[in-house]
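One structure below.
The values are calculated or read from the model by the stated rules, or taken from the named source; none is laboratory data. Everything numeric here is computed off the predicted structure, so don't read it as measured data. We place every Cβ from the backbone using ideal geometry, glycine too, and count neighbours over all the protein chains shown.
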Amino acid sequence: MNNQDMHSVYANIRSKLGQRSLVLIGMMGAGKTTIGRRIAKKLNLPFRDADQEIEDAANLTVPEMFELHGEAYFREGEKKVIARLLNNGPQVLATGGGAWMNEETRKVIAARGISIWLQAEIAILMERVQRRSHRPLLKTDNPEKTMRALIDQRYPVYKLADLTVPSRDAPHDAIVQDLVDILEMHLERCPEQGTIK
């Protein structure tokens, strides 16, 4: 497909989204921020990273919040930030790995957007997260065991997302194209899904 055809696809997706947002969910290391930035650029939508918004509001990093106040405190703030962001019109929003586990957050996302699970195998996740040391949930004696436990807990809930896109060991643009293709088909089949009442 040439550039002109792709621009037409992006414009069509953007039009069919209306006031809805695209909300990326998935484990740490799934690529939500990286893929989110790229898809936002293609669709000419603003990009927001929920963790970054939380850090900016609290003037603390996510690891600092976990250390000072605990995970429950962070999750409560996360829920509020996501609800606020989704009131700001169409955008691409990357959420933290645990955000989708909150039922209230899932309801807000369902009402105002289309949820997209970036699903990755544990080997890919571990390779990606080991490049950085700022993951508070992996500050354990056995990060891979912790990651497996999180996957067991979260993947059944992630399956509730509207769409699933494999986040595989491939160039980012290939994953973005997969997302575009799946989203385009979804909007053809379910044009009203997630429409704001």
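Please determine whether any residue of the stretch 84-91 is in contact with a strand residue (DSSP E or B) (Cβ under 6 Å, 6 or more places away or on another chain) and of a type in the set (Lys, Arg). No, because not a single residue in the stretch 84-91 is in contact with a strand residue (DSSP E or B) (Cβ under 6 Å, 6 or more places away or on another chain) and of a type in the set (Lys, Arg).
Would it be correct to say that Val23 is in contact (Cβ under 8 Å) with a residue 24 or more places away in the chain and under 26 Å from Asp173 (Cβ atoms)? Here the answer is yes, as Val23 does meet what is asked.
Residue count for the stretch 11-36 satisfying the condition of being assigned to a helix (DSSP H, G or I), among the aliphatic types (A, V, I, L, M) and under 10 Å from the mean Cα position of the chain (by Cα): 1. Return the residues of the stretch 141-180 that are in contact with a Ser or Thr (Cβ under 8 Å, 6 or more places away or on another chain) and small (Gly, Ala, Ser); say none if nothing qualifies. Within the stretch 141-180, just Ala161 meets the criteria. Check whether at least one residue in the stretch 62-73 is of a type in the set (A, V, I, L, M, F, W, C), buried (at least 17 other Cβ atoms within 10 Å of the Cβ) and outside any helix (DSSP H, G or I), and report yes or no. No: zero hits. Considering the stretch 40-61, the residues that are outside any helix (DSSP H, G or I) and of a type in the set (S, T, N, Q) include one that is modelled with the lowest pLDDT, namely Thr61.
With respect to the conditions (1) assigned to a helix (DSSP H, G or I); (2) of a type outside the set (A, V, I, L, M); (3) modelled with pLDDT of 90 or more, Gln4 lacks only one, and its number is (3).
Residues are listed down the side, and each one gets a yes or a no for (1) at pLDDT 95 or above; (2) of a type in the set (Lys, Arg); (3) within 25 Å of Leu60 (Cα to Cα); (4) under 16 Å from the mean Cα position of the chain (by Cα):
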site	(1), (2), (3), (4)
Val81	no, no, yes, yes
Val92	yes, no, yes, yes
Thr95	yes, no, yes, yes
Gly98	no, no, yes, yes
Gln119	yes, no, no, yes
Ala123	no, no, no, no
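Picking from residues in the stretch 144-168 that are over 18 Å from the mean Cα position of the chain (by Cα) and not hydrophobic (A, V, I, L, M, F, W, C), the one that is farthest from Ala11 (Cα to Cα) is Lys145. Reported count of residues in the stretch 19-47, each being closer than 26 Å to Met6 by Cα and touching a Ser or Thr at 6+ places or on another chain (Cβ under 9 Å), is 12. Among the conditions (1) hydrophobic (A, V, I, L, M, F, W, C); (2) in contact with a strand residue (DSSP E or B) (Cβ under 9 Å, 6 or more places away or on another chain); (3) buried (at least 19 other Cβ atoms within 10 Å of the Cβ), Leu125 misses just one, which is (2).
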